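Novice: This is the structure I want to talk about, given as C-alpha cells.
All of the numbers you see were taken from the coordinates with simple rules; none came from a lab. Note that the structure is a prediction, hence the values are computed from the model and not measured. Every residue, glycine as well, gets a Cβ built from its backbone with ideal geometry; the counts of neighbours run over all protein chains shown.
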Amino acid sequence: MKKTFIFAILIKSSLAVNLFPYHSINNRLNPQSQKSIDLYKLLTTNICHNDRNIKVSQKITATTNNYNLTTLMNSYSTLTLNQSHLFLAQQQPMAKSPAQCNDASDNLARQQLLSAKIALAIFDNDRKYKVLISDFSGQNIQTIVSSKAPITSLSWNASNTSLAYVSYENGKPIIYIQNIYTAKRYVVANFDGSNSSPAFDGNSLLVSLSKDYGTHIYRIDLHNYTAKKTAQPLVSTDSIDTEADIGNGNLIFTSNKNSKPQIYLKSKNATQAQQISIGLNNTTGRISGDGSKILYIHGSRGRYDLMYYNLKTGVTRKIDSGKILSGSFAADNTTIAYIKNNQVVIYNSNYNNTAAMANLRAREFFDVKLSK
C-alpha cells in the first residue's frame, strides 16, 4: 500500500505545472527596443526610406506561376504532390514611393509591430514543455508556463492580455485560458474526448471537440463564463472538422470531407463554405485579423510548403518550403511568423523580406503566435 501511494505521488508531481506572470518592459526604458526597430527596418528595407535613388519595383501582376481559385480548381485533377513546385509565385512586392512611406497607416503598422509580442510553445533543453513570450525582436524572453506534459495550440485574445492553449497535464488534451500578467488561468474546455485548437473570436472561443460524434468545431461563450456553460456547434460536416480561425467575420477551418485534409473558407456573408486550398494534404490554416489573407501548410512526408492565399485577388503563392510548422499574422496583417526547420522566422508579405530569429532557441518548437 505504501509503495502504491508513493508511486501515485510521483505520477502527480511529474505532471506538475508552474505558472509565471509576464512582466512587460516599457520601450523607453528597454535597451533592447532598438533591436525591434532594427528588425522592422530589415523587414521593410529598400522600400520605405528617404533615398530618392531607390529603384521602384513594378506593381504585382499575375504570372503563369500565380494561381487564382478558378484556374486552380479547373486544373485540380492534374495536380499531384510531386508537382508542388508549380505553386512558386514569380511576383515582386508592391513598392511605395518615399512620400507614401510616412502616411498614417504605415506609422500605425510600425507601432503595432514594435509593440508586438511573440508567444511560443516549445520543448526546452531541460526537457520541460513551456510557453514563452518575447518582444517583437525575440528579446525579453519570459516563461509563463512550465510543465512535464505537452502544451500546444496557442491563441491570443483581442487585448493581448490572455493566451488560450491546450495542455496534456491531466493525461488528455484540455483547453485553458491564462492571463499572462497575473498568471491566473481557468479551464474552458474539458469535455469527454479531445479538446483542441482554440481560437479567440471576441468574447467567444472556437474549439475542436470530439464530445458528441467525431471531431467538429464549437463555440464557447466566454462572457460571464462558468464551468457549466455549454459549447454550441458551429461547423459539423460528415467528416473531421478542426483548426478553426476567424478574422473580420471570415471563418476558416480544416476538414477532410473529401478524404484529404483541405482548408475551407466560410465568408461572413456566405451561407456555404468553399475550399480555398490547392492540391492534397493541407492543414493548419490561419487568417489575418482583417480577414483578407490566409496561411496554410501544404504537403506531407517531410516536404512542406507554407502557402499564402489573398482573398481579394484570389492568388495563391508559396512563401517557403522545409519542415514548416504553424504560422500566424501580426496586427498589421502583412507580417508573418512561422517555424521552419526548428527555427522561428519572421516574414513581411508586402516586401518579401525574411529574418530568422536566431536568439529564439529550443529543443523543439511546436507553435508560434504573434500578438494581435
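Novice: Taking a 19 Å limit on the Cα-Cα distance, which of the listed pairs K323/K369; K318/K340; K293/K318; K35/K323; K117/K172; K266/K293 fall beyond it? Walk me through the numbers on the way to the answer.
Specialist: Working: K323/K369 17 Å; K318/K340 14 Å; K293/K318 13 Å; K35/K323 27 Å; K117/K172 29 Å; K266/K293 13 Å.
Where the Cα-Cα span goes over 19 Å, the pairs concerned are K35/K323; K117/K172.
Novice: What is the distance in Å between the Cα centres of the range 143-186 and the range 327-355?
Specialist: Result: 23 Å between the Cα centres.
Novice: Follow-up question, since we're still on this one. Mind checking which aspartates and glutamates have their C-alpha under 14 Å from K130, skipping anything on the same chain fewer than 8 residues away?
Specialist: K130 reaches E169, E364, D367.
Novice: Once you order the gyration tensor axes a ≥ b ≥ c over the Cα atoms, which shape class does the range 179-314 get: rounded for a/c under 1.5, otherwise prolate or oblate by comparing a/b with b/c?
Specialist: Values: a/c = 1.71, a/b = 1.47, b/c = 1.16.
It is prolate, given that a/c is not under 1.5 and a/b is the larger ratio.
Novice: Between A149 and H23, with labels modelled 7 Å along Cα→Cβ, what's the label distance in nm to one decimal, could you check?
Specialist: With each label placed 7 Å out from Cα toward Cβ, I get 3.0 nm.
Novice: Let me ask something additional. What aspartates and glutamates sit close enough to K268 to cross-link, taking a C-alpha to C-alpha distance under 15 Å and skipping anything fewer than 8 places away on the same chain?
Specialist: Result set, ordered by chain and number: D201, D245, D290.
Novice: What are the extents of the Cα atoms of the range 183-253 along their three principal axes, listed from largest to smallest and rounded to whole Å?
Specialist: Here the Cα extents, ordered largest to smallest, are 36, 31, 20 Å.
Novice: Okay, next question. Could you give the length gained by full extension between K229 and D212, i.e. 0.36 nm per residue of separation minus their alpha carbon distance, to one decimal place?
Specialist: Details: separation 17, 0.36 × 17 = 6.12 nm, distance 1.59 nm.
Between K229 and D212, full extension yields an extra 4.5 nm.
Novice: Stretched out fully, how many nm does the piece from D124 to Y181 gain, at 0.36 nm a residue minus the Cα gap? Please list the in-between numbers first.
Specialist: On the way: separation 57, 0.36 × 57 = 20.52 nm, distance 2.21 nm.
Full extension of this stretch gives 18.3 nm more.
Novice: Return the sequence-ordered ³J(HN,Hα) values of the range 117-124 in whole Hz as given by the Karplus equation 6.51 cos²θ - 1.76 cosθ + 1.60 applied to θ = phi - 60°, using x for Gly and Pro.
Specialist: Whole-Hz 3J(HN,Hα) from phi for the range 117-124: 10, 10, 9, 10, 9, 9, 10, 8.
Novice: Where a Cα-Cα gap under 13 Å defines reach, which aspartates and glutamates qualify for K184, not counting those fewer than 8 residues away within the same chain?
Specialist: Hits, sequence-local ones excluded: zero.
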